[in-house]
């Protein structure tokens, strides 16, 4: 499909067919794909989008990978100020 936007932090299930824009931090699945759930509360999504950890240097990502893959948002916020 053309002209579809997939937001930051989205998870799309295998073999799903995305036919419309996907909101940020959504978990999608199916054919056609639909939002199954949102990964975080709206306030947490805003904080993560301001954090933009995916733009960090590789060394900083590696040092914080456990917290990036987990749900320790507070630690990520602390790491961002280091």
Give the Rg (one decimal place) followed by the Dmax (whole number) of the range 42-81, computed from C-alpha coordinates and expressed in Å. 9.4, 29
The chain, helix-only ellipticity at 222 nm - DSSP H runs n ≥ 4, -39,500 (n - 2.57), divided by all residues, nearest 500: -9000 deg cm²/dmol
One would report the antiparallel percent of DSSP beta bridges in the range 1-69, rounded to the nearest 5, as 60 percent
Which log10 I(q)/I(0) values does the chain give at q = 0.14, 0.24 Å⁻¹ under the Debye formula, counting every alpha carbon as one identical point scatterer? -0.55, -1.10
Hey, quick one: spin label on residue 75, modelled 7 Å out along Cα-Cβ, who in the range 20-56 has an amide N within reach, i.e. under 17 Å? 48, 53-54
Contact order normalised by length for the chain, with contacts defined as Cα pairs under 8 Å and 6 or more residues apart; what percent is it? 18 percent
For the chain, modelled as a Gaussian network with Cα springs under 10 Å, which listed residue fluctuates most, 19, 62, 44? 62
Among 60, 15, which comes first, then next, by fewest other beta-carbon atoms within 10 Å? 15, 60
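Every read-out reported here was derived from the displayed coordinates using simple, explicitly stated rules and does not represent laboratory data. Just so it is clear, the structure is predicted and the values come from calculations on it, not from any experiment. Methodologically, a virtual Cβ is constructed for each residue, glycine included, from the backbone with ideal geometry; neighbour enumeration extends over all protein chains shown.
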